[in-house]
Amino acid sequence: MNNYQMVKFTDNDFELDVRANSENETVWLTQEEMATLFDVDRTRIVRHISNIYHDDELDISSTCAKTAHVQIEGNRKIQRVIKLYNLDMIISVGYRVKSKRGIFFRRWAKKHKKATFYPNLANLQYESLVRFEHNAYSKHFVLESAIVHV
């Protein structure tokens, strides 16, 4: 789970560093980061996550990963296990929280996912559009020719 890059989500004056993982093509946030993103108390996030799992909306094994985090507390190094949640969970929590920033984040994540994990997708979409327009033009031309020559 440590194979990720940090990308910055921005919404006007709000910024949040988001973990992007190319291995499983998703982004990851902690409960605290989701609370910050959706501008709610962390306990609401915890409650929504618990309900999402309880309702079998999402599966814990595919939406939650654990990572170790070392921090200094006084003279001691303390290792804590931190839970990270993927984009599916972030979106599900966002629907329940009903956050405007959550809507913007969903759009940003979708766009970022395509750009990061499928860098050739934009070219493929453009090429498909060009082929579609060419085919549509050709069929239109043939149809007009058939009408004129009838």
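What is the packing order of peptides 50-62, 31-43, taking the mean over residues of other C-beta atoms within 10 Å and listing the highest first?
Ranking the peptides 50-62, 31-43 by packing returns 31-43, 50-62.
Gain in length, residue 44 to residue 13, computed as 0.36 nm per residue apart minus the alpha-carbon separation, to one decimal in nm?
Fully extending the segment from residue 44 to residue 13 adds 8.8 nm.
Values quoted throughout were computed directly from the atomic coordinates according to the rules given, and no laboratory measurement underlies them. What you see is a predicted model; the values in this text were computed from it and never measured. Counting neighbours? That spans all protein chains shown, and the Cβs are built from the backbone with ideal geometry, glycine included.
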